[in-house]
Number of protein chains: 2
Amino acid sequence: MNATIITIGDELLIGQVIDTNSAWMSDKLNEIGVDIQEKVSISDSFEAIHSTLDRVLEKSDLILITGGLGPTKDDITKKALADYFMTDLVFHQPTWDRIQRLFSKWGRSTTKAHKQQCFMPRDAELLRNKMGTAPGMLFYRGHKMIVSMPGVPYEMKFIMSDSLLPLLMEKTKESAIVHYTIRTVGEGESRLSAQIEDIEEQLPAHIKLAFLPSLGQVRIRLTGRGKIKEKIKQEVLQYGSIIDERLSQFVFGHHHETLEEVLGTLCRNQKVTIGTAESCTGGAIAQKITSIPGSSDYFHGSVVAYSNQVKEQVLQVSEKTLLQYGAVSEETVIEMLSGLFKILPIDVGIAVSGIAGPGGGTKDKPVGTIWIAYGSKNNIRTYLLQATKDRAKNIQYTTVYALNLIRKFLIGLE
Amino acid sequence: MNATIITIGDELLIGQVIDTNSAWMSDKLNEIGVDIQEKVSISDSFEAIHSTLDRVLEKSDLILITGGLGPTKDDITKKALADYFMTDLVFHQPTWDRIQRLFSKWGRSTTKAHKQQCFMPRDAELLRNKMGTAPGMLFYRGHKMIVSMPGVPYEMKFIMSDSLLPLLMEKTKESAIVHYTIRTVGEGESRLSAQIEDIEEQLPAHIKLAFLPSLGQVRIRLTGRGKIKEKIKQEVLQYGSIIDERLSQFVFGHHHETLEEVLGTLCRNQKVTIGTAESCTGGAIAQKITSIPGSSDYFHGSVVAYSNQVKEQVLQVSEKTLLQYGAVSEETVIEMLSGLFKILPIDVGIAVSGIAGPGGGTKDKPVGTIWIAYGSKNNIRTYLLQATKDRAKNIQYTTVYALNLIRKFLIGLE
């Protein structure tokens with residue numbers, strides 16, 4: 001089954017909104033063997049919606065549309081679809097009843113716009129949306145399916161998970177796509193590629209390899225296609241294991257595993273508690289660690305010591321050290337981490353101090369100079385990261401490096 | 001001038017990567033009067049690249065392509081473009097010299113793949129890329145421009161800012177698009193819409209209104225089009241001011257201003273320092289505040305008190321309070337904030353404690369129950385937020401609410 005995703009909204013075309021929906025949708029569709037041919041973002045206009053439908057209905061079996069179902073005047077998707085499929089809009093009492101119930105529960109009253117939202121194309125099947133006011137709409141045209149959903153991410157996700165994906169799974173049992181993704185940290189795309197060139201050359205035509213770099217990390221993805229899922233799976237797994245072994249010093253996980261998830265699992269398994277002392281990252285490392293549900297099992301807390309006063313008063317960094325070596329120095333991060341061990345009941349920790357930029361750089365310590373201390377109370381190690389000139393990137397880089405250093409410390413690689 | 005953005009990469013179609021590039025590009029292009037007609041993501045295949053070029057060259061004056069220029073085998077964009085434009089690839093010595101210099105500076109050696117990257121389409125104009133190895137390529141076909149850039153965000157941004165945008169600005173002086181974006185927090189899309197319905201109805205046809213909701217916030221965007229930029233600007237500004245006034249209690253800023261930026265400016269202007277004591281947000285509030293360059297002028301630091309031990313030992317929350325009222329209670333957040341004032345030299349602060357989920361909820365305190373304390377040492381106020389069932393959303397919601405509460409406190413609205 002081939003699909004196209006259409007996201008509708010002027011906000012996407014003027015760059016005020018980043019489209020995160022279609023990545024989520026693609027991922028879920030791929031898992032059940034639906035192949036995404038194209039994603040396209042178009043404006044809230046009848047002409048754009050109609051011409052795009054004309055074009056993609058030629059090539060795709062499934063068209064997924066998000067956006068333009070809200071209660072405001074710039075939301076025209078429903079009307080455009082009704083026109084396109086030559087059907088009229090009829091008032092749908094159950095939707096109106098549900099909206100009224102929702103609003104009375106929230107202690108709020110409905111507006112005229114909410115009532116307008118209850119007019120639905122006559123021949124569309126409605127897909128329930130427990131997360132918002134507008135239900136999804138499913139049109140059948142021949143063997144093709146056209147689905148329209150709200151653009152609000154959690155509403156779209158609810159409709160996909162609740163009704164659409166189960167329905168599609170029934171239809172896509174025949175052909176298979178298998179992915180195997182290897183997640184690496186600390187080595188660049190070219191260098192990883194050079195190290196596995198011979199393996200890449202041996203891959204059969206139905207297995208593809210791709211490198212997906214992000215800050216400090218590269219995902220290496222094998223994609224196999226074929227008729228028999230189990231056979232493809234076995235083949236992809238076989239090549240994946242060879243690459244895993246070759247690149248073992250850089251591999252931290254697989255598929256959707258994140259560095260913070262892997263670190264969390266390590267902490268939990270080793271019954272180790274963790275905390276951070278952060279200057280330039282401003283809490284970003286703690287935030288990553290606590291993004292994992294259940295992280296309270298191993299994460300105690302952090303001190304974000306942005307000013308020198310906090311470094312001295314809370315983390316007990318000596319004034320002398322700050323004066324002699326500066327806030328961004330090996331000596332300071334060691335004292336920050338030692339201080340953290342004194343005030344938090346943790347087994348391992350991370351301390352960082354650096355110049356995130358854009359200001360604050362000097363000739364000796366340019367923007368991007370970042371010191372990291374990590375380890376346990378009696379075994380503190382340090383790392384000097386020379387990052388970039390960009391503030392947001394430096395914070396991200398430092399977070400990735402810090403999480404990886406403590407991960408490697410826990411498994412005895414550092 | 002009309003443009004289409006083509007992003008190339010299987011990783012976009014299987015959902016492993018969220019396309020943040022095209023939003024940034026659209027925003028920059030819009031600012032200089034280039035209208036984005038469509039954004040489309042396609043696979044790393046000759047057929048997809050060629051058929052999409054065929055189609056969009058019909059309607060757009062400018063085609064911007066990102067992705068597929070890396071050193072690995074799945075990167076085929078350059079070859080596909082050379083084929084499409086019937087030109088051959090020739091070795092470009094200056095690029096090779098530059099790559100070698102870069103790598104020797106980094107203390108690394110080049111690979112064979114890097115040399116391959118130096119073959120360039122004969123008739124393309126090269127756009128320098130100081131941030132990476134692959135330069136941008138600009139093809140002219142009649143009055144149409146086709147530009148290919150790497151998919152790595154900071155490389156694309158460099159090429160756009162350094163050479164492409166200045167070039168396009170020369171060409172787009174004739175027609176104008178003007179945006180006026182009002183940023184609100186604390187009220188939903190429908191309710192805001194109802195409050196300005198009469199204004200919306202008076203808008204002339206060449207000025208459009210759109211509502212762009214995100215968690216806890218809604219952006220209201222006016223877009224005017226016309227020949228004379230100054231005239232349009234004045235008109236849009238006039239309607240914008242009327243809406244600003246009507247919704248003043250929800251408006252915190254305009255255009256690209258963020259809540260954390262506005263808060264930072266307030267702190268700086270009022271010469272007030274700030275800090276946070278965070279439980280369920282795990283450092284997310286501090287991270288937002290410190291995402292702003294120069295935030296060290298007003299931000300001292302934070303205590304992320306995830307465990308009760310840290311609440312007691314570092315923030316001096318009494319054991320009795322934790323036992324009697326629980327970690328998620330008005331009493332606890334007040335003591336957290338009082339404790340923070342004792343250890344950090346700050347004027348105002350925020351303390352939060354809540355149940356982010358998915359676990360930890362009870363009948364009395366379901367997931368999404370979040371207490372916020374905010375204010376100054378002698379004037380601590382509290383707010384109970386009933387958020388959602390989703391962990392990531394709850395953390396985001398709490399961050400938005402907390403930043404807004406302290407913002408309103410500073411301007412005397414709370």
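None of the figures in this text is laboratory data; all of them are computed from the coordinates on show. Predicted model, so just to flag it, every value in this text is computed and none were measured. Reconstructed Cβ throughout: ideal geometry from the backbone, glycine too, with neighbour counts over all protein chains shown.
A few notes on this one:
- Based on Cα contacts under 8 Å between residues 6+ apart, the stretch A:2-171 shows a relative contact order of 23 percent.
- Over all other residues within a Cβ to Cβ distance under 13 Å of A:Ala305, the charged ones net out to -2, with Lys and Arg as +1 and Asp and Glu as -1.
- Here, the stretch B:2-171 has an Rg and a Dmax of 15.3, 47 Å when only alpha carbons are counted.
- Screening chain A for whole DSSP H helices with an alpha carbon extent of at least 27 angstrom along the helix axis and a mean Kyte-Doolittle hydropathy of at least -0.5 yields A:391-410.
- Calculated diffusion of the stretch B:292-414, Stokes-Einstein form, Kirkwood radius summed over Cα pairs, 37 °C and 0.692 mPa s, µm²/s: 222 µm²/s
- The residues A:Leu315, B:Leu384, B:Leu89, when put in order of fewest to most other Cβ atoms within 10 Å, stand as B:Leu384, B:Leu89, A:Leu315.
- Angstrom value of the Kirkwood radius, inverse mean 1/r, which spans all Cα pairs in the stretch B:29-127: 15.5 Å
- For A:His143, the point set 7 Å out from Cα toward Cβ sits 4.5 nm from its twins in the other copies, listed from shortest up.
- Stokes-Einstein D for chain A, Kirkwood Rh over Cα pairs, 20 °C, 1.002 mPa s (µm²/s): 86 µm²/s
- Local net charge near B:Lys39, Cβ-Cβ under 9 Å (Lys/Arg +1, Asp/Glu -1): -2
- Among beta bridges from DSSP that stay inside chain A, the antiparallel ones total about 65%.
- Other-chain or far-sequence residues with amide H under 5 Å of A:Lys377's (modelled H): none
- The distance linking the stretch B:382-398 with the stretch A:291-354 is 28 Å (Cα centroid to Cα centroid, whole angstrom).
- Charge dipole (chain B, unit charges on Cβ, about Cα centre) - positive-most of B:Phe409, B:Met131, B:Phe103: B:Phe103
- For A:Ile65, the residues whose modelled amide H falls within less than 5 Å of its own, excluding neighbours fewer than 5 places apart on the same chain, are A:Ile6, A:Val147, A:Ser148, A:Met149.
- Remark: A:Ser329, A:Ser190 ranked as A:Ser329, A:Ser190, counting other beta-carbon atoms within 10 Å and listing the fewest first.
- Charge tally around A:Gly15: other residues with Cβ under 13 Å, Lys/Arg +1 each, Asp/Glu -1 each, net -2.
- Applying 1/(1 + (r/R0)^6) with R0 = 22 Å to the Cβ-Cβ distance of A:Asn269 and A:Ser214 gives a FRET efficiency near 0.25.
- Rounded to the nearest whole Hz, the Karplus-based 3J(HN,Hα) values (6.51 cos²θ - 1.76 cosθ + 1.60, θ = phi - 60°) of the stretch A:348-364 follow the sequence 10, x, 10, 10, 9, 8, x, 10, 6, x, x, x, x, x, 10, 5, 6, with x at glycine and proline.
- Rounded to the nearest 20 debye, the dipole size of the stretch A:259-410 about its Cα centre is 220 debye, using +1 on the Cβ of Lys and Arg and -1 on the Cβ of Asp and Glu.
- Taken one residue at a time, the phi angles of the stretch A:39-44 give Karplus couplings (6.51, -1.76, 1.60, θ = phi - 60°) of 10, 9, 10, 10, 7, 6 Hz. Gly and Pro are set to x.
- Averaging the Cα positions of each part gives two centres, and for the stretch A:1-64 and the stretch A:112-191 these lie 11 Å apart.
- Annotation for A:Val272, label-to-label distances across the other copies: 4.2 nm (shortest first, one decimal, point 7 Å from Cα along Cα→Cβ).
- Solvent-free Debye scattering, log10 I(q)/I(0), computed from the Cα coordinates of the stretch B:135-240 at q = 0.13, 0.21 Å⁻¹: -0.72, -1.02
- Exposure proxy order (Cβ contacts within 10 Å, fewest to most) of A:Glu235, A:Glu319: A:Glu319, A:Glu235
- Label 7 Å beyond Cα on the Cβ vector: B:Thr87 copy-to-copy distances, nm: 4.9
- Here the Karplus curve 6.51 cos²θ - 1.76 cosθ + 1.60, taken at θ = phi - 60°, turns the phi angles of the stretch B:200-210 into couplings of 4, 5, 7, 4, x, 4, 8, 10, 10, 10, 9 Hz, with x standing for Gly and Pro.
- Proximal lysines to B:Lys393, defined as alpha-carbon separation beneath 17 angstrom and excluding residues fewer than eight positions away on the same chain: A:Lys130, A:Lys157, A:Lys288, B:Lys288
- Of the chymotrypsin sites (Phe, Trp or Tyr not before Pro) found in the stretch B:280-313, not one falls in a DSSP loop while having at most 12 other beta-carbon atoms within 10 Å.
- Per-residue mean of C-beta atoms belonging to partner chains within 10 Å, peptide B:29-42: 5
- Reciprocal mean inverse distance between Cα atoms of the protein assembly as shown - Kirkwood radius, Å: 28.5 Å
- B:Lys389-B:Met169 FRET efficiency (beta carbon distance; Förster radius 56 Å; 0.05 resolution): 0.75
- A Cβ-based charge dipole, computed about the Cα centre of the stretch A:32-160 with Lys and Arg at +1 and Asp and Glu at -1, lands at about 700 debye.
- Linear extension gain, A:Glu257 paired with A:Arg122, 0.36 nm per residue minus alpha-carbon span: 44.2 nm
- Long-range amide H partners of A:Phe250 with built H, under 5 Å: none
- Nearest-to-axis residue in chain A, judged by Cβ distance to the rotation axis that brings A onto B and given in whole Å, is A:Gly283, 1.
- Ignoring the sites themselves, chain B has its longest run without trypsin sites (Lys or Arg not before Pro) in a DSSP loop having at most 16 other Cβ atoms within 10 Å at B:1-107.
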